[in-house]
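Below is one structure; the comments refer to it alone.
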Amino acid sequence: MTVDALPSPVRPSSGARLAVYPGSFDPIHNGHVDIILRGARLFDRIVVAVSRNAEKAPLFSVEERIELMREVFRDQPNVEVEAFDGLLVDYARHKHASVIVRGLRAVSDFEFEFQMALMNRRLSPEIETVFMMPAERYTYTSSRLVKEVFSLGGVVNGLVPEAVEGRLREKRSGGQA
Ligand code: ADP
């Protein structure tokens, strides 16, 4: 065949196939949960990696987001949650991950995701980005919209895990949402 030679994929010594799913998850919503559960079926382990670089004025601290996600996935032993900073590919390499998972909601996500995936490939050719689509009912869900709807008194039931809804209510009664 006449395709370019590809670098060998990264594998931890155990041989397990590990994927990293990065994002800000402020807060996690059911679109994220859908992608994580799909990833957990495809890969031996999936690490949900909360970026410390991302937002300037988050609603939930990185530690709160991690705590919430660990609660949501407490019955999924192959889903791990942790924070990372710096370059995603450096973090993925450090974890011995062979795959970066990203979710695609709509065509509007594509351009940004395409640029990121190709830049990450340039930085680290041995790591592949895999795109996954959520169930149709989550294609319009985003953390930004969830926060906005909730802060204006709208119902977010069914869009976020129950634990998140509870924490949003606590924030609101504390005057923060
Ligand atoms: P959000 O855009 O909701 O703030 P993040 O920036 O934390 O979420 O996104 C992390 C990853 O999750 C990205 O790959 C993003 O495209 C994906 N994602 C976000 N919302 C959804 C959704 N509703 N369905 C599928 N993937 C999603």
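What follows is calculated from the coordinates using simple rules that are stated; it is not laboratory data. Remember, predicted model here, so these are calculated numbers, not experimental data. When we count neighbours, we look across all protein chains shown, and the Cβ atoms used for this are built from the backbone with ideal geometry, even at glycine.
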³J(HN,Hα) computed for each position of the stretch 124-131 - Karplus, 6.51 cos²θ - 1.76 cosθ + 1.60, integer Hz, glycine/proline x
8, x, 7, 9, 9, 8, 10, 9
How high is the relative contact order of the chain, in percent, with contacts defined as C-alpha pairs under 8 Å that are six or more residues apart?
29 percent
Note down the relative contact order for the stretch 15-78 as a percent, whole number, built from C-alpha pairs under 8 angstrom at least six residues apart.
41 percent
Ranking of Tyr21, Tyr140, Tyr91 by count of other Cβ atoms within 10 Å, fewest first
Tyr140, Tyr91, Tyr21
Mind jotting down the distance between the C-alpha centroids of the stretch 72-131 and the stretch 1-33, whole Å?
6 Å
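Which of the GluC sites (Glu not before Pro) across the stretch 140-177 are loop residues per DSSP, with 12 or fewer other Cβ within 10 Å?
none
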If R0 = 25 Å, then Leu145 and Leu42, at their Cβ-Cβ distance, give a FRET efficiency to the nearest 0.05 of 0.40
Give me Leu6, Leu88 sorted ascending by neighbouring Cβ count inside 10 Å, so fewest comes first.
Leu6, Leu88
So who's got an amide H within less than 5 Å of the one on Val20, skipping anything under 5 residues away but keeping other chains? H placed 1.01 Å off N, in plane.
Val47, Val99, Ile100, Val101
Whole-Hz ³J(HN,Hα) from phi, Karplus 6.51 cos²θ - 1.76 cosθ + 1.60, for the stretch 134-139, glycine and proline x
x, 4, 3, 5, 9, 5
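Count neighbours as other Cβ atoms within 10 Å of each site's Cβ, and list the GluC sites (Glu not before Pro) in the stretch 1-85 that are DSSP loop with at most 14 such neighbours.
Taking the stretch 1-85 and a limit of 14 other Cβ atoms within 10 Å, the loop GluC sites (Glu not before Pro) found are Glu55.
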For Leu104, enumerate residues with amide H under 5 Å from its amide H, sequence gap 5+ or separate chain, H modeled in the peptide plane.
Met132, Met133
Please work out the FRET efficiency for the pair Arg70 and Ala5, using the Cβ-Cβ distance as r and a Förster radius of 45 Å; give the result to the nearest 0.05.
0.65
